[in-house]
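Comments concern the structure below.
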Amino acid sequence: MATKFKYTEKKDTRSGFGAGLLELGRKNPNVVGLCADLLGSMKMGDFKKEFPDRFFQVGIAEANMMGIAAGMATVGKIPFTGTFANFSTGRVYDQIRQSIAYSHKNVKICASHAGLTLGEDGATHQILEDIGMMKMLPGMTVIVPCDYNQTKAATIALGDHVGPAYLRFGRPSWPIFTEADKPFTIGKADTLIKGSDVTIFACGHMVWIAIEAEAALAEMGISVELINVHTIKPLDVEAILASVQKTGCAVTCEEHQINGGLGDSIAQVLSRFHPAPLEMVAVNDTFGESGQPIQLLEKYGLNAKAIISAVQRAIQRKKA
């Protein structure tokens, strides 16, 4: 099963964040880094080494980190906070809402180890609700890049973005298939493959899995339009509508709860502007568990087989 995309290397998306933060720090002296005792896990060590006066280790005190970041933003700094996605959102939601979002502070909340692919640490450290939590906050930008290169580019792009933002990435090594140093445009979806029978919208790790599913579907004679929706908010409504108006049906794929994430965002757009059959590939209202990342994706139905089945259902509904 040959895909239209090739990769020669796998690398974790969190390392893309670390590389992007270092490059951004060299460009902008107002960029500062804050970490909640996860320097190695967040790949912020190079930034700390090169800019020790602009790096702040706050310890296991995530709520305080958000308050400190808000204060730094008030005096013109551009804080990038770093901890696991669960601790970046669920543990500190009140601080984000009150101290950052409400006053539209220029804070970048950078969250690693998101979704099921955190793996062995299990349900207490995984989070599958964070996209929904963050996209509901007024004025909050939400970005979920798909590989190392895109995570690096998204991190750099956030340096010029004004306002609060949530950047979600992961732990496991993952195929690098996007172009190195390709500019990242916040709010503009990437059409990876053009097709005519069905649109697949995917984000994060699920983009590569959708690429694998597209290859199998092509062998079955099904023409897929594959779109990487790396920015969940603001959503590229124009690209969504243009594609579904052409294909007539859609499937969404995300490493997140079926409620509240990318699928819900696409469903809102289609229900308001262009009703069409929509199927969702996501975690179906359950917590995760401990296990190998790929095994967990398989168990919870976040795989190429599930995408293929969802595509077949969507096309069947279109024909009905």
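The values are calculated or read from the model by the stated rules, or taken from the named source; none is laboratory data. Since the model is a prediction, treat every value here as computed from it, not as a measurement. Neighbour counts run over all protein chains shown; Cβ positions are idealised from the backbone, glycine included.
Quick notes on this structure:
- Close pairs from the stretch 109-123: first assigned by TED's automatic domain parsing to the domain that holds A69, partner in a strand (DSSP E or B) and among the polar types (S, T, N, Q), Cβ under 8 Å, at least 6 apart: I109/T81; C110/T81; A111/T83; S112/T83
- Scope the stretch 75-98; condition buried (at least 22 other Cβ atoms within 10 Å of the Cβ) and hydroxyl-bearing (S, T, Y); matching residues: T81, T83, S88, T89
- Residue count for the stretch 106-130 satisfying the condition of being among the polar types (S, T, N, Q) and either part of a helix (DSSP H, G or I) or in contact with a Phe, Trp or Tyr (Cβ under 7 Å, 6 or more places away or on another chain) (or both): 2.
- Tally, over the stretch 141-188, of residues that are touching an Asp or Glu at 6+ places or on another chain (Cβ under 7 Å) and among the aliphatic types (A, V, I, L, M): 2
- Single residue of A320, A304, A310 found to be of a type in the set (G, A, S), touching a helix residue (DSSP H, G or I) at 6+ places or on another chain (Cβ under 8 Å) and within 22 Å of I222 (Cα to Cα): A304
- Strands (runs of 3 or more DSSP E) lying entirely in the stretch 202-310 (those with 2 or more residues that are touching a Phe, Trp or Tyr at 6+ places or on another chain (Cβ under 7 Å)): 250-257
- From the options S99, S88, S103, residue that is part of a loop (DSSP other than H, G, I, E, B) and not assigned by TED's automatic domain parsing to the domain that holds G260: S103
- Taking the stretch 173-201 as the range and being of a type in the set (F, W, Y) and either over 15 Å from the mean Cα position of the chain (by Cα) or assigned to a loop (DSSP other than H, G, I, E, B) (or both) as the test, the residues that pass are F177, F184.
- Answer residue from the stretch 155-172, given it is assigned to a helix (DSSP H, G or I) and touching a Gly at 6+ places or on another chain (Cβ under 7 Å) and is surrounded by the fewest Cβ atoms within 10 Å (Cβ to Cβ) among those: I156
- In the stretch 1-58, residue farthest from N106 (Cα to Cα) [restricted to those that are among the β-branched types (V, I, T) and touching a strand residue (DSSP E or B) at 6+ places or on another chain (Cβ under 8 Å)]: T13
- Complete set of residues in the stretch 55-66 that are surrounded by fewer than 17 Cβ atoms within 10 Å (Cβ to Cβ), at negative phi and of a type outside the set (A, V, I, L, M, F, W, C): Q57, N64
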